[in-house]
Amino acid sequence: MNVLVTGCSRGVGLEICRVLLEQGNTVYGVARSYTDEFKALEAEYAGKLFFKSIDLSDSESIRKSVFKEFVGNKVVLDVYVNNAAMAYDDIVTNLNLDRLKAMYAVNVFTPMMMTKYAIRNMLLHHTRGSIVHISSISAHTGYKGLAMYASSKGALEAFSKDTAREWGGMGIRSNVVVPGFMETAMSSTLTDDQKDRIYKRTSMKAATSVRSVAETVSFLVSEKACSITGQNIYVDNGTI
């Protein structure tokens, strides 16, 4: 399969690329930063992993930068994995509209545009494709300071469910993976005490495995999950 992954250069996105490559897929990765970790993976899977540095906050340029100059119509796209996201953490009474708009551009508007053009590619090639969005457990259980971030993920989940209903008849599936808190760059600003309190809220009293999240994505885009669409799959160590 040909897979497009955003936010591919570190954390969950990098692990998703790794798992998909291990299973013989070709991966087109999009991110702002071309990290050493990604370069190492690229060297290991030469000819199977490709990268383009793109500013995903520029929603209007996505068609040109991604779907004309990188994954053009000659590439038969089977899967789109929307992993890229930015966090905006603060209490609601401090809400800043400019920061909110910037986050929504990356977390909601660009994924919507990417989904639009990914589906168009699938329709052009009569592909029974699969879309997976990476959400967050914060959209389902309250955490102080995450209202704005959680709202962007909630919007994405609603979008995915309706996408599944709209395009299921053409064989295109859309699902969401909802991870719990993981040890990633996005959570690195939390203190050990804050992390400990979060993990104690889970059934397993631990951070969610990044590998487990990536393996779940891999399952959802495979034929093994051919009857799964419009769903939220929780990989959260039993948070809710």
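Looking across the stretch 135-157 at every residue that is over 17 Å from the mean Cα position of the chain (by Cα) and among the aliphatic types (A, V, I, L, M), the one that is surrounded by the fewest Cβ atoms within 10 Å (Cβ to Cβ) is identified as A147. In the stretch 70-82, the residues that are surrounded by fewer than 16 Cβ atoms within 10 Å (Cβ to Cβ) form Cβ pairs under 9 Å with partners that are of a type in the set (K, R), at six or more places apart or across chains, as follows: N73/R120. Over 26 Å from E69 (Cβ atoms), surrounded by fewer than 18 Cβ atoms within 10 Å (Cβ to Cβ), of a type in the set (G, A, S) and touching a residue at least 40 places away in the same chain (Cβ under 8 Å): does that describe G171? Taking the combined requirement at face value, the residue satisfies it. Taking the conditions exactly as written (outside any helix (DSSP H, G or I), under 15 Å from the mean Cα position of the chain (by Cα) and surrounded by 16 or more Cβ atoms within 10 Å (Cβ to Cβ)), does V132 satisfy them or not? So V132 passes the test.
When the stretch 197-240 is filtered for residues that are part of a helix (DSSP H, G or I) and free of Cβ contacts under 8 Å to residues at least 40 places away in the same chain, the ones remaining, listed by number, are R197, Y199, K200, S212, T216, F219, E223, K224.
Can you spot a residue in the stretch 138-146 that is closer than 21 Å to R173 by Cβ, out of contact with any strand residue (DSSP E or B) (no Cβ under 6 Å at 6 or more places or on another chain) and at pLDDT below 95? Working first, answer last.
Our first condition is that a residue be closer than 21 Å to R173 by Cβ; within the stretch 138-146, this holds for 139.
From the residues that got through so far, the ones that are out of contact with any strand residue (DSSP E or B) (no Cβ under 6 Å at 6 or more places or on another chain) too are 139.
Next cut, at pLDDT below 95 only: 139.
So far as the stretch 138-146 goes, yes, one or more of its residues are closer than 21 Å to R173 by Cβ, out of contact with any strand residue (DSSP E or B) (no Cβ under 6 Å at 6 or more places or on another chain) and at pLDDT below 95.
How many residues are more than 20 Å from N237 (Cβ to Cβ) and free of Cβ contacts under 8 Å to residues at least 12 places away in the same chain when one looks only at the stretch 121-150? Of the residues in that region, 1 qualify. Reported count of residues in the stretch 34-60, each being polar (S, T, N, Q), surrounded by fewer than 15 Cβ atoms within 10 Å (Cβ to Cβ) and out of contact with any Lys or Arg (no Cβ under 7 Å at 6 or more places or on another chain), is 0.
Surrounded by 18 or more Cβ atoms within 10 Å (Cβ to Cβ), hydrophobic (A, V, I, L, M, F, W, C) and modelled with pLDDT under 95: is that true of M122 in this structure? Quick ask: steps written out before the conclusion?
Numbers: surrounded by 18 or more Cβ atoms within 10 Å (Cβ to Cβ): yes; hydrophobic (A, V, I, L, M, F, W, C): yes; modelled with pLDDT under 95: no.
The answer is no for M122.
Looking at D98, D89, D162, just one residue is part of a loop (DSSP other than H, G, I, E, B) and either among the acidic types (D, E) or touching a strand residue (DSSP E or B) at 6+ places or on another chain (Cβ under 8 Å) (or both), and that residue is D89. The condition of being part of a helix (DSSP H, G or I) and of a type in the set (G, A, S) holds for G168.
Does S160 meet the test of being without any contact (Cβ under 8 Å) to a residue 40 or more places away in the chain, buried (at least 18 other Cβ atoms within 10 Å of the Cβ) and among the small types (G, A, S)? The answer is no for S160.
In this structure, Y117 does not qualify as under 24 Å from D90 (Cβ atoms) and of a type outside the set (A, V, I, L, M).
Scanning the stretch 96-119 for residues that are surrounded by fewer than 15 Cβ atoms within 10 Å (Cβ to Cβ) and either hydrophobic (A, V, I, L, M, F, W, C) or modelled with pLDDT under 95 (or both) turns up L97, A102.
The values are calculated or read from the model by the stated rules, or taken from the named source; none is laboratory data. Since we're looking at a predicted model, the values are computed, not measured. Backbone-built Cβ (ideal geometry, glycine too); neighbour counts: all protein chains shown.
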